[in-house]
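The values are calculated or read from the model by the stated rules, or taken from the named source; none is laboratory data. Keep in mind it's a predicted model, so treat the numbers as computed, not measured. Please note: Cβ atoms are built from the backbone with ideal geometry, for glycine as well, and neighbour counts cover all protein chains shown.
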Amino acid sequence: MVSFRVLVRPAIVVAALVVPLASAEAALLVRIDKSTQRMSVVVDGTPRYSWPVSTGRAGYGTPSGTYSPQRLHRTYFSKKYYNSPMPYSIFFHGGYAIHGSYEIARLGGPASHGCVRLHPSNAATLFSLVKQHGTGSTRIVVTGSAPATVARAPRTVVQDEPPEVSYAPRGYYAPAPLYPPVYRPYDPYVPAPYPYQRW
């Protein structure tokens, strides 16, 4: 009779060899590098896209590792952070997701509460690719460490200069009163002297 150990050990070795190959053979591979704040998308072994992202800022790290998408939401609002919009959400690890962000100016640097933020049009493209290839053949690989935040130089304000003059944009007009004031030589309504007295 064959012992249980003899059967289990080869199965563990085979599983250890097959799991890394599964991520390499994924039809859709999404690589997120926290060091460079970039996402690269590989479709069927061919690099297709490279986009700037925002991962977790200091105190709100994005978890590293290899994941599969757990759930997809075309329209989603954060239940934890002030009902913030998260369009084209791809949840990959609990409450962590890849989603679109309207804070486009902050892409390329760590700015989120742990999610991976993308430009909304790029998030829509990635969302459709995941829907097309399926969650089973999609791998999300998060590597690197968040770059150190750079402190901004303090803004210098010169008090001697006059304030900048700004002009209204073209086509803008100040609201005018709806009706001009009208002079009335009399009061239009004068109540009766004794409205509730019975005679």
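Restricting the range 63-81 to residues that are over 13 Å from the mean Cα position of the chain (by Cα) and of a type in the set (S, T, Y), which is farthest from L129 (Cα to Cα)? Selected residue: S64. Applying the criterion of being crowded, with 21+ Cβ neighbours inside 10 Å and in contact with a helix residue (DSSP H, G or I) (Cβ under 9 Å, 6 or more places away or on another chain) to the residues of the range 113-137, the residue that is modelled with the lowest pLDDT is R117.
Filtered by the rule that a residue be among the aliphatic types (A, V, I, L, M) and surrounded by fewer than 19 Cβ atoms within 10 Å (Cβ to Cβ), the range 46-90 gives A58, L72.
Check the range 51-66 and report whether any residue there is in contact with a Lys or Arg (Cβ under 9 Å, 6 or more places away or on another chain), within 15 Å of T143 (Cβ to Cβ) and among the aliphatic types (A, V, I, L, M). Yes, the range 51-66 contains a residue that is in contact with a Lys or Arg (Cβ under 9 Å, 6 or more places away or on another chain), within 15 Å of T143 (Cβ to Cβ) and among the aliphatic types (A, V, I, L, M). Regarding the range 27-48, can at least one residue be identified that is under 15 Å from A146 (Cα atoms), of a type in the set (G, A, S) and at pLDDT below 90? Looking for residues that are under 15 Å from A146 (Cα atoms), of a type in the set (G, A, S) and at pLDDT below 90, one finds none in the range 27-48, hence no.
The C-beta contact set for the range 123-142 (first residue over 18 Å from P87 (Cβ atoms), second residue loosely packed, with under 15 Cβ neighbours inside 10 Å and among the hydrophobic types (A, V, I, L, M, F, W, C), distance under 8 angstrom, 6+ apart or interchain) comprises R139/A22.
Just to be sure I understand, how many residues within the range 32-85 are closer than 20 Å to L107 by Cα, among the polar types (S, T, N, Q) and touching a Ser or Thr at 6+ places or on another chain (Cβ under 8 Å)? Qualifying residue count for the region: 10.
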